[in-house]
Amino acid sequence: MDRNALTGLKVFVMGILVNTLMTSALSETESLELGFTRRPLLLCNETRLLLEMEVCGDDFKGQMAHVDSQHWCNLTHFISEYHLFSACTEKNSERIGCFWPNPLVEGFIIHIHKQYFSNCTLERVVWVDPSDDLLAILILIPIVLTLAMIALVVWCSKRSDVLA
């Protein structure tokens, strides 16, 4: 066997091995016999999840009681409390077997946000159209790039006899 054929055979065998490992790792019905252990699949107990979210919320409410309500819109005054609240919801969701965030947790977090941070938006964002010059540039750049790529492809295809 020549060297190129041997290298090709090695690549082929390695490809089959990798494909087999990936396929068996992605299949829930097959078990890997390479010493890997699968984590048992837990079903999400939504009732328990809501109870745990209430515990996280109560802890957050207790911690926010120590922060002056005038500072509730300034994240620097309660960043550690909010981090602990977020970590609590994530840790408890995963411990119970629920993914995080999920609709129940998101709903609870939104409830907390409405309770503490609903008055924090002082001004409304007003969307303004870009100027005509900027809009023209933003429209022309993709058009010019598309035409340049088409010209490059046509030019290369006409030179295929020289490039080959």
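The values are calculated or read from the model by the stated rules, or taken from the named source; none is laboratory data. As the structure is a prediction and not an experimental result, all values here were calculated from the model. Neighbour counts are summed over all protein chains in view; Cβ atoms, including those assigned to glycine, are modelled from backbone coordinates with ideal geometry. Side chains are part of the model used for accessible areas, which takes the heavy atoms of the whole protein and leaves out ligands, DNA and RNA. Shrake-Rupley method; radii C 1.70, N 1.55, O 1.52, S 1.80 Å.
Descriptive notes on the structure:
- Protection proxy ranking, peptides 111-119, 55-63, average beta carbon neighbours within 10 Å, highest first: 55-63, 111-119
- In region 73-164, a dipole from Cβ-located charges (positive for Lys and Arg, negative for Asp and Glu) runs towards its positive end, and of H77, T146, N119 it is T146 whose Cα lies farthest in that direction.
- For region 47-164, a crude dipole built from +1 on the beta carbon of Lys and Arg and -1 on the beta carbon of Asp and Glu, taken about the Cα centre, is about 380 debye to the nearest 20.
- Shown are K91, K158, whose ranking by accessible area with a 1.4 Å probe and every protein chain present, most to least, is K158, K91.
- Unit charges at the beta carbon, dipole of region 90-164: most positive-side option, L134, I110, C98: C98
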